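Below is one structure, written out as structure tokens, with a few remarks after it.
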Amino acid sequence: MAKDDLLFLPLGGAGEIGMNLNLFGYKGRWLMVDLGVTFGEDAIPGVDVIMPDPSFIVENRDKLDGLVLTHAHEDHLGAVPYLWRQLECPIYATGFTASILRRKLSEVGLQGDAPITEVKAGGKFEVGPFEIEMVTLTHSILEPNALIIRTPHGAIFHTGDWKLDPDPLIGDPVDEDALRALGDQGVLAMIGDSTNVFREGRAGSESAVRESLIELVGKYDNRVAIASFASNVARLETIAVAAEANGRHAALVGRSLWRMNEAARENGYLRKTKPFLTPGEAAKLPPDKVLIACTGSQGEPRAALSRIASHTHPDVELDEGDVVIFSSRIIPGNEKAIGRLHNDLCALGIEVVSEQDHFVHVSGHPARDELIDMYQWIRPRIAVPVHGELRHLHAHRKLAQECQVPQSVVATNGEMVRLAPGAPKIVDTVKSGRIAVDGANLIALDGSSLRERKRMMYDGAAVVSVVVDTAGILLADPVITLYGLADDDDEDDVLYNLVLASIEHTLDSLPKPKLRNDDVLEETIRSAIRRTIRGARGKRPQTDVHLIRLDDWEADTEETA
């Protein structure tokens, strides 16, 4: 590629929802927009957080001029604490986003290390060869920003996450006149959110949810808990308003809720909202006098609501006849976890209310009518859909074409798009993928350790130590350990004896040259164990054989005698 090429390279969030990592290249320099995570799932044991593989930009970090964060959702900034040491670039964000990020950096010992420049709403600044202007939109979090990235080839409008909320409750509605003016100036490309491209109409307003929740809470006399996304500060304010309107006191249960509350107040939000009660204070109130906002709307096992449902929360309990309102949507992939939580609550005699039962939530992403409005205002020459699975991206491209956008490109993670000069097209492919936080380490999601862990989860494991002499004669009973392959002691004993017999048979049947070859003997024993377990249990366990050969056994025993 020529240095004059204007490039767009997604490494996360294109072909999937979550883990956003976008790169813009010009004059041999790179600008990063967002650096997010997604969360682990049942099929990946031991992994809580997953993020994009940043190898390409890490290898070119001397050309990386900065990271701009559009807003404070985890899928846009959650990877910064894990990956900043590999990048060590300046960070730009508005005040609320910066407050959230500082708290997250502090948790991993990076407080004060990462240089964060706070940008005012609507602020303009430069990062390398890029002139950037932040444009405040509306979303389900405070201070969501689109970016106008100006270059000699033209302006790029990167939407970030957004919607058109006519009454967002906190913050101003979208400035339609300013967006029309931007379209009149000319926009080369729009990099746009595709999450709700299949949803007809409009996402809806936070003010409508407030009215509905006030009415809903008023129907109950017992204790009421509302589970919502912690980042939705407008929803927190709504819970406080609903509590006061119904003679209750609002409490926060969950660390992330308190973190958002503190960051919001730090930046001048929630000024008219009374301080929230702590979990301990809420526990002392009569059931009809408290309204609890709690984390865990997605069934997260460590969140407050799951702990309450399992009676392991230190302060808060819900009893038969209490109510839990899920003021949230189900994020794809979380269906099973949320279903389990609903069932756990129902087993306690707790009434569960979700968006299927009542109007309790609106999305933070644009539905089709809002996407159409934005295309009519911005009128870009090129549409590049992001923030969606492949089916979302193709549907978004079709919608852009229907909105008379002349050119469009669907690119997934690792596909480099040349936006200018000339017609937009994919010009290169770079390494992309996923990495996982595994304890204190970052590992490849498709690496050997996780493959082995998955295999053990589904098929169990067998570990065997075998001691033989130089001729391959067994000198002691093998030490056999079987994991996840038997349900009780009797079954374990049967399987143990079968494995032992397979080892003895292998040693008896192999010719002498093979008995003296460590690699051949070890692999033959391993294969015999796997065949035995597969025949007995129908499983292919992770199998490790430790062969110990005592070369001087005969000499040692004679000398001892």
Q: Of the conditions (1) in a helix (DSSP H, G or I); (2) open to solvent by 50 Å² or more (accessible area, probe 1.4 Å); (3) farther than 24 Å from LEU101 by Cβ, PRO314 clears all except one; give me its number.
A: (1)
Q | Residues (touching a residue at least 40 places away in the same chain (Cβ under 8 Å), surrounded by 15 or more Cβ atoms within 10 Å (Cβ to Cβ) and touching a helix residue (DSSP H, G or I) at 6+ places or on another chain (Cβ under 8 Å)) located in region 462-481 | A | ALA462, VAL464, VAL466, VAL468, ASP469, GLY472
Q) Out of all the residues in region 340-387, which are without any contact (Cβ under 8 Å) to a residue 60 or more places away in the chain and in a loop (DSSP other than H, G, I, E, B)? A) LEU348, GLY349, ILE350, SER354, GLU355, GLN356, ASP357
Q. In region 328-339, what count of residues is obtained for those that are open to solvent by 40 Å² or more (accessible area, probe 1.4 Å) and part of a helix (DSSP H, G or I)?
A. 2
Q) Take the residues of region 51-94 that are part of a helix (DSSP H, G or I) and open to solvent by less than 10 Å² (accessible area, probe 1.4 Å): which is nearest to LEU21 (Cα to Cα)? A) HIS76
Q | Subset of region 309-368 that is among the aliphatic types (A, V, I, L, M) and under 20 Å from the mean Cα position of the chain (by Cα) - its residue that is farthest from GLY192 (Cα to Cα) | A | LEU341
Q | Number of the condition not met by LYS27 [criteria: (1) more than 14 Å from GLY160 (Cβ to Cβ); (2) open to solvent by less than 10 Å² (accessible area, probe 1.4 Å)] | A | (2)
Q: Would you point out which residue out of ARG265, ARG271 is touching a helix residue (DSSP H, G or I) at 6+ places or on another chain (Cβ under 9 Å), without any contact (Cβ under 8 Å) to a residue 60 or more places away in the chain, open to solvent by 40 Å² or more (accessible area, probe 1.4 Å) and not in a strand (DSSP E or B)?
A: ARG271
Q: Exactly one condition in (1) outside any helix (DSSP H, G or I); (2) modelled with pLDDT of 90 or more is not met by ALA528; state its number.
A: (1)
Q) Any residue at all in region 103-122 that is aliphatic (A, V, I, L, M), in contact (Cβ under 8 Å) with a residue 40 or more places away in the chain and within 16 Å of ARG259 (Cβ to Cβ)? A) no
Q: Select from region 1-38 the residues that are among the β-branched types (Val, Ile, Thr), farther than 16 Å from LEU445 by Cβ and at pLDDT below 95 and list them in ascending order.
A: ILE17
Q: Any residue in region 491-508 that's part of a helix (DSSP H, G or I): show its pairings with residues that are among the β-branched types (Val, Ile, Thr) and surrounded by fewer than 14 Cβ atoms within 10 Å (Cβ to Cβ) at Cβ separation under 8 Å, as long as the two are six or more apart or on different chains.
A: LEU507/ILE473
(Q) For the condition open to solvent by less than 10 Å² (accessible area, probe 1.4 Å) and assigned to a helix (DSSP H, G or I), what is the one hit in ILE308, ILE325? (A) ILE308
Q: Please enumerate the residues belonging to region 195-246 that are in contact (Cβ under 8 Å) with a residue 60 or more places away in the chain and of a type in the set (S, T, N, Q).
A: THR195, ASN196, SER205, SER212, ASN222, SER228, SER231, ASN232, THR238
**Q.** Identity of the residue in region 388-413, of a type in the set (A, V, I, L, M) and assigned to a helix (DSSP H, G or I), that ends up most open to solvent (accessible area, probe 1.4 Å)
**A.** LEU390
(Q) Going through VAL410, VAL352, VAL384 one at a time, which residue ends up being at pLDDT 95 or above, farther than 30 Å from ASN222 by Cα and touching a helix residue (DSSP H, G or I) at 6+ places or on another chain (Cβ under 6 Å)? (A) VAL410
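The values are calculated or read from the model by the stated rules, or taken from the named source; none is laboratory data. In this text, all values refer to a predicted model and were calculated from it rather than measured experimentally. As a convention, Cβ positions derive from the backbone with ideal geometry for all residues, glycine included, and neighbour counts pool all protein chains shown. Surface areas here come from the heavy atoms of the whole protein model, side chains and all, with no ligands, DNA or RNA. Shrake-Rupley method; radii C 1.70, N 1.55, O 1.52, S 1.80 Å.
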